[in-house]
Amino acid sequence: AQTIHQWPVAEIKAVGSPLSLGCTIKGKSSPNLYWYWQATGGTLQQLFYSITVGQVESVVQLNLSASRPKDDQFILSTEKLLLSHSGFYLCAWSPDWVYAEQFFGPGTRLTVL
Amino acid sequence: GEKVEQHESTLSVREGDSAVINCTYTDTASSYFPWYKQEAGKSLHFVIDIRSNVDRKQSQRLTVLLDKKAKRFSLHITATQPEDSAIYFCAASPNTNKVVFGTGTRLQVLP
């Protein structure tokens with residue numbers, strides 16, 4: 001069975017500080033990977049997706065970047081946090097065929113002060 | 001780009017009644033429409049989906065209807081139970097790797 005793990009569970013960071021969030025998928029080779037951001041009480045905004053190692057596509061520009069250093073790992077980062085980065089960050093994976101359901105990780109709650 | 005509007009922000013029904021959540025989309029290229037459920041403070045999990053080559057799909061108490069002409073799709077839940085209480089998000093995919101979500105509907109099933 002596939003499992004998806006996100007770290008950390010929660011973060012409290014200062015404006016202007018760097019950030020790195022991680023996501024690991026076990027039990028599935030070559031998954032499509034996604035990052036989403038959800039403002040408190042809001043909808044989900046797709047940030048990035050990746051269909052293969054080393055290749056990441058940006059969907060929206062929010063002063064964030066993403067990388068896929070390994071087949072099972074997806075990293076979200078920024079060098080300088082903004083207040084507007086606060087929210088719930090979700091990583092998801094889907095099988096490597098088109099139009100399939102996505103499986104979401106437990107999420108990381110980020111508070112920027 | 002694609003925009004998905006979810007018409008009901010909140011919906012309250014009595015246990016055992018039916019609930020309907022309606023969504024509209026703008027991009028005729030969208031051909032995949034998943035629904036996800038989010039319980040309070042938790043992540044999302046998949047509920048049901050429909051592809052544009054059909055106009056109806058049923059899974060147990062859930063039915064999704066798709067009207068491509070009107071660019072409208074809906075989730076029908078019959079015989080609602082307290083555990084159905086959650087936020088439901090509709091979504092549309094205009095291409096294989098992009099997903100645009102609606103704003104969510106908070107469904108409350110009252111005893």
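The values are calculated or read from the model by the stated rules, or taken from the named source; none is laboratory data. For clarity, every value in this text was computed on a predicted model and none was experimentally measured. Ideal geometry is used to build each Cβ from the backbone, glycine not excepted, and the neighbour counts take in all protein chains shown. All accessible areas refer to the heavy atoms of the entire protein, side chains included, with ligands and DNA or RNA removed. Shrake-Rupley method; radii C 1.70, N 1.55, O 1.52, S 1.80 Å.
Before moving on, here are some points about what is shown:
- Residues that are without any contact (Cβ under 8 Å) to a residue 12 or more places away in the chain, of a type in the set (S, T, N, Q) and farther than 27 Å from residue B:40 by Cα do occur in segment A:42-62, at least one of them.
- Matching residues, segment B:69-111, being without any contact (Cβ under 8 Å) to a residue 40 or more places away in the chain and of a type outside the set (Ser, Thr, Tyr): B:69, B:83, B:97
- Flag if residue A:62 is closer than 23 Å to residue B:93 by Cα and within 14 Å of another protein chain (Cβ to nearest Cβ): no
- Odd one out for residue A:67 among (1) over 21 Å from residue B:89 (Cα atoms); (2) in a strand (DSSP E or B); (3) open to solvent by 60 Å² or more (accessible area, probe 1.4 Å): (3)
- Among the residues of segment B:18-41, those that are more than 9 Å from residue B:90 (Cβ to Cβ), within 14 Å of chain A (Cβ to nearest Cβ) and either buried (at least 18 other Cβ atoms within 10 Å of the Cβ) or without any contact (Cβ under 8 Å) to a residue 12 or more places away in the chain (or both) comprise B:30, B:31, B:32, B:37, B:38, B:41.
- As a summary of the residue check, residue A:105 satisfies the conditions (1) open to solvent by 30 Å² or more (accessible area, probe 1.4 Å); (2) within 10 Å of chain B (Cβ to nearest Cβ) except for the one numbered (1).
- Residue check, residue A:92 open to solvent by less than 40 Å² (accessible area, probe 1.4 Å) and over 30 Å from residue B:8 (Cβ atoms): no
- Selection within segment A:1-26 - part of a loop (DSSP other than H, G, I, E, B) and open to solvent by 60 Å² or more (accessible area, probe 1.4 Å): A:1, A:2, A:9, A:15, A:18
- Just one of the listed residues (A:22, A:42, A:16) is at positive phi and not aromatic (Phe, Trp, Tyr), namely A:16.
- Search result, residues across segment B:52-62 that are surrounded by 14 or more Cβ atoms within 10 Å (Cβ to Cβ) and within 11 Å of chain A (Cβ to nearest Cβ): B:52
- Among (1) outside any strand (DSSP E or B); (2) open to solvent by 40 Å² or more (accessible area, probe 1.4 Å), the one test that residue A:81 misses: (2)
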